[in-house]
Every structure is written in C-alpha cells, then in structure tokens.
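Each remark here refers to the structure printed beneath this line.
Please treat every number below as a calculation from the coordinates, not as lab data. The structure presented is a predicted model; accordingly, all values stated were derived computationally and were not measured. Don't worry about glycine lacking a Cβ; one is built from the backbone with ideal geometry, like all the others, and counts go over all protein chains shown.
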Amino acid sequence: MKQMAETPGDPSLEALQEVCMAILSELDTGEVFRLITEKARRLISAETVAIPVISKDRSTITYREASGKKKELLRGMSLPMSEGGLCAWVVENRRAILTNSLWSDPRANRDVVKKLRVNEAIVVPLMFRGEIIGGLAAFGKEGGGGFTEKDLRLLSIFASHAAIAIRNSRLFQKLEELRRFNEDIVASMEEGVVIVDAEGFITFVNPVFERLTGYEKDEVLGRRAVLVLPELRWAGERYEVSLRKKSGEEVHLLVSASRLRDGSNLFVLVDVTSMREEQERLMERMLAYDLRRGNLYLVKERGNERSRSILRDLVNCGFSALVLSRLPPEEARRIFGDGAVCFWLSEYGVGEGAIRPEPDVVEARVREFVTRTGAVLIDRFDYLINLWGFRRALAVLQRLRDLAYLSRALVLISLDPATLEQREVRLLEKETCSVRVKGEAELTEQLYEILSFVHRQNQRGVRPSYREVTRRLGVTRTTARRRIRQLLARGLLLEEKAGRSKLLRLSERGRRLVS
C-alpha cells in the first residue's frame, strides 16, 4: 500500500482502497470470488477478469469465477497445467505478466486467445504467506488501447488483498462446516444438550433437550438459564438433579458440565428417571429403615454395627458409598466391600487412604463425592467432636446437612451419645433426622444393642438365653426382660423354649435390620 500513500489524491488509488475494504468485509466464499472479479474489472477498466485456481495436486488450473464480456466462456473452464497458458506460467513462476501482444506471446494458449479475441492481458499471482492460490487475470482493455504499468501495479496490490479475502472466506467456510457438523452430531445425540454463555444466557439446545424439559427452543434461547433451569450448576461437575418440566412433571437428570474455550458452559443431560424409580422401589423392598434422599441422619450407637448395616444395604440398592472412618483401609474394605470408597481418619495423614481429620479436609471429601446416588458414612463423629470442639463440629454438621439436601444424597453420622453431654446430643438431634424402622417408632440404641448381640451369637450357631442377654447388657433382669419383650412384640426376635430356659433368635425382619 506504499504507492497509495505517495499519491493520496489519485482517484484510482482511492477506488483501490474502497474495493479492498469491500472484499475483505465479505466471508461467503462464492460471493468473495464474484466481488474480486467484478471490482478488479472496474478498477483497471478490463473487458473480462477471471480467477484461475490451481488444484491441490498442481495438475490442473480452473477458472473459478469470471466477470465481464467473456465470463461465460471462462467460468468453470478447466485446463491441464501444460495447457494453462499465461495463467499456468504465472502460477508456476509466481511472477506477474503484462502483455499487449497476446497473439504473439509464446506462453499463451492459442485456442483460448482465439475465443477471447483480445490482444491485451494482465495476470498476477494470488498468494497468501508464500502459498500460491492461483491468479487474477484481466483480458482486453475497455475503450481500446493497452494495459499500462499503473494497471499492473493496481491489480497487483488488489491481488494481495484478494488473496487474504479468499483465505479468510475459506477458513470461515471450514469453521461453518465444522459448526454445522458439530450441530448435526449434537442434534442426533440421545442426550439433551444445552449451552449457556459466560453471562448466563442459553445460546443452544438440541431436540432431546426440548423433549426432556418440555420447553421448545424458541422459548429458552436468549433467556437466563437460572430462570429456566435453576437446578443446573456450573462447569467441572457431574451430578444428578430433579427437574420440573414445563408441564410440572418431575424428571431425574444426570448432568455433566464442562467449560468451553469461549467461557460458555456445556451441559449434557441424561434421563435417569426410570432408573431412579426402580432404585426407589428396590429401596422400599430391601431397606429395613425409613430413609429419604437429601437428609442427614444421626445414628446413636455404642458400637458401629447399625450404621454399617444401613450403609451396606444402601450399597446393595445401587448407591455409591463414601466412608470416613477410624478403621484402617483394609479393615474398612472387609466390612463394606469394594463398593465403598474408604478413607482412614488418621492424625498422621500418611499411608494408604489416609486423610487428616480436619474440618476442611472432611468437608472437601464429602463435597467431591456427593451425588443423588451417593451415601456417606462418617464413623465415630464423637472422635471428631473431641478433636474439633463441639461448636466447630456442629457447624460442620450443619453444612453437611445443607450439602445433603442440595445434592439429594444420604449422609449418616455415627456417634456414641454416652461420650457427650445431654445438651450436646439434643443440639445434634435438632440438626439431623433420626433413623426409624419402617412403619414403626424409632428403634432405640439399647434395643438395637440386643439385636446385634443375638445376631452375633446366632451367626456362631448359638441361641442366647435371657440370662446371657442380661449379663451382656449389664442391666437388671427386669430391664432386660422388658426390652426383649418389646423386640418380640415388634416381630424382630423369636423365642424358643429349651427346658426351663427361653432362647432367642432373630426373625427375618430382625436379620434385615442388622445384617
């Protein structure tokens, strides 16, 4: 563009600047080629201008577009490079040609020249960063006379901009093809897809999204995602949500969220409603306790049998499980099986599966894990209360309760109430749900202790007597009898007479509670 700066008043250079801006602002490839030939023809007053493009294997040259008097003759014409005439020579040598004696030029294709019936020609290379695209060819000067060096200079400068415009349009075309290809893939996916931009507005949904939510595309595009899908959380997560469709019907969705390069968020939605309904039915059949997703349960027990039994039942119902325990990993896996992820609460924080029993660490582990199909057991919470202090432990428990609700997970907190003051136990009870046998009042820790003892004895082939239960509990004979009768009345224990003794064994219902 140096020549333009030297003669700012030259109308032809002003026209050159105008036509360059015009072609650079266009991105449709076909329109770019048409504009280049039309603007170039007018720029140097040529009868015909064409764009010969070289094939990838450099074997042929094809006139992609043409404008002017002989455009129908040249447009679409394809010639071997050996017969490509001036255009082939320019492409091969990457040098411009100006001739006003085309009939006698040995480089010209005689057949083409005869059909054009002109004697003047300019051909300049179209190049972008050293890569040859083709050429820009002008044939015949309007009004007679020949082409000048000024025409050659103008066309050469114009060609450099034309090459950029062609390159840009081709890149844009490839991006559009890729976008359409990606959209076709997304549209054919069996999962719902929604894209939310960095400002929180919905920019794309596929047909499956419409079917899952009941919202049509035109109803949600351009709207804030939080108003349409308040349950969605942002990138880097995989979680499950219960969504209200436009009709009010509830649908359960597994959501995978990821961040795109432009800052948008991509959400892939999988309908797991039928799977969850089946899991609920399985829970109803298999679980002896009345448990609901989204709750934090306090399991008061001297030992750990009850909470561990509940967690094993949840795993059998298809829940993934996280256990934070004072048990070393090997022992934890023996008790809970391979279906649970176990972490050892160790003050040293070293060794397999060990984590430090610090509030932030414990919360982080639970937060990373919880999903709608997740169950969490924090074993020996009384140990953590002793480490952290009651007020800090209560604050952690309150946050865990909120997390359980938001993620629709099940969280179990096991502790020995005898290690705490009565006031502290009551405060914990206010923040948690109690564990109840289905259809019955809550099974107390003392009653559960009897069931656990009888169960262990039964596993050894022994049916304990009333006297053995009394001795094991360390209570009076009257108290032991009263508690055993409560379990018999609930159908959790069965009584058998052996001489003067009464022997005990678990019923099927009782076995489900502790096994």
Treating the Cα atoms of segment 385-466 as identical point scatterers in vacuum, please give the log10 of the normalised Debye intensity I(q)/I(0) at q = 0.20, 0.22 Å⁻¹, two decimals.
-> -1.02, -1.12
Rounded to whole Å and sorted largest first, list the principal axis extents of the Cα atoms in segment 121-169.
-> 36, 15, 15
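What share of the DSSP beta bridges in the chain is antiparallel, in percent to the nearest 5? If you can, show how the numbers build up before the last one.
On the way: 58 of 81 bridges.
DSSP beta bridges in the chain are roughly 70 percent antiparallel.
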Simple spin-label estimate for Arg261/Arg436, 7 Å along Cα→Cβ, in nm, reads 5.7 nm
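Using 0.36 nm per residue of separation minus the Cα-Cα distance, give me the extension gain between Leu227 and Arg509 in nm, one decimal.
Working: separation 282, 0.36 × 282 = 101.52 nm, distance 4.70 nm.
Using 0.36 nm per residue and subtracting the Cα-Cα distance, I get 96.8 nm.
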Given H placed 1.01 Å from N in the peptide plane, which residues other than close sequence neighbours of Thr48 have an amide H under 5 Å from its amide H?
-> Lys69, Phe139
For segment 210-219, Karplus couplings with θ = phi - 60° (6.51, -1.76, 1.60), whole Hz, Gly/Pro x | 4, 5, 5, 9, x, 8, 7, 3, 5, 7
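Could you state the per residue volume, in Å³, of the convex hull enclosing the Cα atoms of the chain? Don't skip to the answer; put the middle values down first.
On the way: hull volume 125.8 nm³, N = 515.
Per-residue hull volume (Cα only) is 244 Å³.
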Could you give the length gained on full extension between Arg110 and Ser59, defined as 0.36 nm per residue of separation minus the Cα-Cα distance, in nm?
-> 16.4 nm
In which sequence would Tyr239, Tyr448, Tyr348, Tyr466 go, from the one with the fewest C-beta neighbours within 10 Å to the one with the most?
-> Tyr348, Tyr466, Tyr239, Tyr448
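Just the C-alpha atoms of segment 446-514: what Rg/Rh do they give, with Rh taken as the Kirkwood radius? Mind showing how you got there, number by number?
Details: Rg = 10.8 Å, Rh = 11.7 Å.
Over the Cα atoms of segment 446-514, Rg/Rh equals 0.92.
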Cα point-scatterer Debye curve for segment 22-88, base-10 log of I(q)/I(0) at q = 0.15 Å⁻¹ = -0.49
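Just need the relative contact order of the chain here, percent rounded to a whole number, with Cα pairs under 8 Å and 6+ apart.
Values: 887 pairs, mean separation 46.8, N = 515.
Dividing the mean separation by the residue count of the chain yields 9 percent.
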Taking r as the C-beta separation of Arg95 and Arg170 and R0 as 35 Å, the FRET efficiency to the nearest 0.05 is 0.90
By per-residue mean of other Cβ atoms within 10 Å, what is the highest-first order of 28-39, 148-159?
-> 28-39, 148-159
Which residues in segment 99-141 have a backbone N closer than 20 Å to a point placed 7 Å from the Cα of Glu83 along the Cα-to-Cβ line?
-> 103-118, 135
Stokes-Einstein at 4 °C, 1.567 mPa s, Kirkwood radius from Cα pairs: D for segment 288-439 in µm² s⁻¹?
-> 85 µm²/s
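Given 0.36 nm per residue, what is the gain on full extension from Ser247 to Asn316 after removing their alpha carbon distance, in nm?
Values: separation 69, 0.36 × 69 = 24.84 nm, distance 3.40 nm.
Roughly 21.4 nm would be gained on extension.
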Value of Rg/Rh across segment 189-271 [Cα atoms, Kirkwood radius] = 0.92
Sticking with the crude label model, points 7 Å out along Cα→Cβ, report the distance from Asp338 to Glu277 in nm, one decimal please.
-> 3.3 nm
Simple spin-label estimate for Val350 and Arg117 in nanometres, 7 Å along Cα-Cβ | 9.8 nm
Residue-normalised 222 nm signal for the chain, counting each DSSP H run of n ≥ 4 as -39,500 (n - 2.57), nearest 500 deg cm²/dmol, is -13500 deg cm²/dmol
